[in-house]
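Just so you know, all these numbers are worked out from the coordinates, no wet-lab data involved. Keep in mind that what you see is a predicted model, and the values were worked out from it rather than measured. A quick note on method: Cβ atoms are made from the backbone with ideal geometry, for glycine too, and the neighbour counts reach across all protein chains shown.
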Amino acid sequence: MILIKTKDYVSEGFSYGDGEIICSVIDQILERGDSVTVDFTDIDSYTALFFKVSLTEHLSSMTKDEYDSRIRVENLSELGDLVYNQCYRTAVKFYSSTPEEQEMYIQSIRDMMEELGVSE
């Protein structure tokens, strides 16, 4: 298991760009067949977007069991743990559903955004 110290790559877990940086590091490790532990020591700011891009998006290309055995997360703050676990549960549910269910979920989000006047 390879250890990634998030603080070595980003100063916070906040933006899409931060997520892409961590995702790229994780991808390099996974492509070699290794497993990864992502250490969040000294990272205090987190968003769901960051976790989706950096971590849970991997559930689109692997099973939940494979993800759980190959990607570990440690040293999140209490808030970070809550946000990450919500993203994780949502991704597991989404990626384990049928394509039709996924499309219905996406459409419901689009409808909600339209009602709120938010564009994609």
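Placing dummy labels 7 Å off each Cα toward the beta-carbon, the span from T98 to D44 is 4.8 nm.
If a spin label sat at a point 7 angstrom from the Cα of M113 along the line to its beta carbon, the backbone N atoms of segment 3-29 nearer than 17 Å would be those of 16-17. Here the gap between S61 and R32, fully extended at 0.36 nm per residue and compared with their Cα-Cα distance, gives a gain of 8.9 nm. If you wrap segment 66-120 in the convex hull of its Cα atoms and look at it from every side, the mean projected area works out to 5.3 nm². Using a Gaussian network model of the chain whose springs link C-alpha atoms within less than 10 Å, name the residue from G13, G33, G80 with the highest mean-square fluctuation. Its mean-square fluctuation being the largest, the pick is G33. Rounded to the nearest 20 debye, the dipole magnitude of the chain is 280 debye, with +1 charges on Lys and Arg beta carbons, -1 on Asp and Glu beta carbons, and the Cα centre as origin.
Looking at the chain, the pairs of alpha carbons with a distance over 20 Å make up 45% of the total.
Each peptide in 47-57, 62-72, 14-24, 103-113 was scored by the mean count of other Cβ atoms within 10 Å over its residues; highest first, the order is 47-57, 14-24, 62-72, 103-113.
Of interest is the spacing of the C-alpha centroids, which for segment 26-84 and segment 102-116 amounts to 26 Å.
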